[in-house]
1. Which numbered condition in (1) within 28 Å of Asn355 (Cβ to Cβ); (2) small (Gly, Ala, Ser); (3) not in a helix (DSSP H, G or I) is the only one that Gly231 fails?
2. Does the stretch 153-164 contain at least one residue that is among the hydrophobic types (A, V, I, L, M, F, W, C), touching a Lys or Arg at 6+ places or on another chain (Cβ under 8 Å) and over 20 Å from Met303 (Cα atoms)?
3. Which number in (1) over 27 Å from Asp92 (Cα atoms); (2) of a type in the set (Val, Ile, Thr); (3) in the same structural domain as Gln94 (by TED's automatic domain parsing) marks the one condition that Thr237 misses?
4. Identify, please: which residue in the stretch 104-138 is touching a Cys at 6+ places or on another chain (Cβ under 7 Å) and in a loop (DSSP other than H, G, I, E, B) and is, among those, surrounded by the fewest Cβ atoms within 10 Å (Cβ to Cβ)?
5. Please determine whether any residue of the stretch 87-98 is surrounded by fewer than 19 Cβ atoms within 10 Å (Cβ to Cβ), in contact (Cβ under 8 Å) with a residue 12 or more places away in the chain and not in a helix (DSSP H, G or I).
6. Quick check: anything in the stretch 335-350 at pLDDT below 95 and either surrounded by fewer than 19 Cβ atoms within 10 Å (Cβ to Cβ) or β-branched (Val, Ile, Thr) (or both)?
Amino acid sequence: MSRRAADRIAWACCVVGLLLLVGCHKKPLEYQPTPYDLQIPKHFPTLLNIPADNPMTVEGVALGKRLFHDTQLGGYQGSDMSRRLSCATCHDRQHGYDVGPDNPRLQEGRPCGANGPTRHNALPLCNLVFNREGYLWNGAVSGEKNIEDIVLAAITAEDELAADTAEVVARIAADPEYREMFRKAFGTEAVTMDRIQKAIAQYVRSLVSANSRFDQYLRGETQLSEQELRGYVLFTTEEGADCFHCHGGAGTPLFTTNQFYNNALDATLAADNDRYSVTGDPQDIGAYRAPTMRNIAVSGPYMHDGRFRTLDEVLEFYNSGLQYSEYVHPYMHKLPDGGAHLTPSDIAALKAFLNTLTDEEFIQEN
């Protein structure tokens, strides 16, 4: 090979190398978010509600947490800070991500959104990643709908945050710190409502409660008192309070079946977006979701309409206030007697057990 030919080959190689280098600079390596290590507690369901198009990541959960607490998601952006709303306004961590009986936004037993009370009382955001039976008090969000859809509904509903999605996106996108968080979570700085929904849904799915005193007792880490253990027996037996059919026990660690029941709350059966409004099945008239008993002592008010402010009122209802209708669920075995008619000592024991379901680590502010 001549010297000239060798020089031409060397020059060609340099040109190709430069082109490759330029091409690499035109398309930087895509940012890869860190998979979120969701710890599944022992005996909890292993079939999770995580959509394929929204895997949980460390960066996505962090972004969702910030958005969850940000009043920029609300429609009102005036100077009266008491009117500014975020997801956390009505889902307060110290109340198990429920509204709480002392929340200043509480009105008529329900959270007060931008334009009056919400349709139903709030539900605690606890262990939702393990629920595949639909969401909300009547299960209206199910099938192809998921937590992401609840986020959008909460932001836009007139009785909740009442915001315009384009305005929300513009406010969030104006913040360079947010844009960087979106890049880390989703690969680019683009802020979209779809990504806002996905990030908040990831954060909600990360809210796992499984470290109450009762959990610690089951793990052999602590002891319960004689009164608390007697309350557990009452909770899990038909001869006692008969709570376990709808709310489970040690064999149902979520402390809910996530099913819907007419619990003899009303004889009038005035429909208020009950399960029947979703299914059209007459057997669902007056039926609502059985909420989790986890953190129940701190997550009032209670029932779909928030009619009971305290846990004592709830216990008294099940003890003596059941009302007959032909649609009451068969699990309500105490209906013929109007309630369980437990003694004051039994009621105290049952309440003591329910208090062991409070997860102090879960409800601590951070």
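1. Against the list (1) within 28 Å of Asn355 (Cβ to Cβ); (2) small (Gly, Ala, Ser); (3) not in a helix (DSSP H, G or I), Gly231 comes up short only on (3).
2. So the first thing to find is which residues in the stretch 153-164 are among the hydrophobic types (A, V, I, L, M, F, W, C), and the list is 153-155, 157, 161-163.
Remaining after also requiring touching a Lys or Arg at 6+ places or on another chain (Cβ under 8 Å): none.
Within the stretch 153-164, none of the residues are among the hydrophobic types (A, V, I, L, M, F, W, C), touching a Lys or Arg at 6+ places or on another chain (Cβ under 8 Å) and over 20 Å from Met303 (Cα atoms).
3. The failed condition is (3).
4. Arg105
5. Among the residues of the stretch 87-98, not one is surrounded by fewer than 19 Cβ atoms within 10 Å (Cβ to Cβ), in contact (Cβ under 8 Å) with a residue 12 or more places away in the chain and not in a helix (DSSP H, G or I), which makes the answer no.
6. Restricting attention to the stretch 335-350, the residues satisfying the condition of being at pLDDT below 95 are none.
For the stretch 335-350, residues at pLDDT below 95 and either surrounded by fewer than 19 Cβ atoms within 10 Å (Cβ to Cβ) or β-branched (Val, Ile, Thr) (or both): absent.
Residue-by-condition table, conditions (1) within 27 Å of Pro344 (Cα to Cα); (2) surrounded by fewer than 17 Cβ atoms within 10 Å (Cβ to Cβ):
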{"residue": "Asp194", "(1), (2)": "no, yes"}
{"residue": "Ile200", "(1), (2)": "no, no"}
{"residue": "Leu207", "(1), (2)": "no, no"}
{"residue": "Arg213", "(1), (2)": "yes, no"}
{"residue": "Thr236", "(1), (2)": "yes, no"}
{"residue": "His245", "(1), (2)": "yes, no"}
{"residue": "Gly251", "(1), (2)": "no, yes"}
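Table: residues versus (1) in contact with a helix residue (DSSP H, G or I) (Cβ under 8 Å, 6 or more places away or on another chain); (2) in contact (Cβ under 8 Å) with a residue 40 or more places away in the chain; (3) buried (at least 18 other Cβ atoms within 10 Å of the Cβ); (4) among the polar types (S, T, N, Q).
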residue	(1), (2), (3), (4)
Thr256	yes, no, yes, yes
Asn263	yes, yes, yes, yes
Val278	yes, yes, yes, no
Asp312	yes, no, no, no
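The values are calculated or read from the model by the stated rules, or taken from the named source; none is laboratory data. The model shown is predicted, which means the values in this text are computed figures rather than measured ones. Counting neighbours? That spans all protein chains shown, and the Cβs are built from the backbone with ideal geometry, glycine included.
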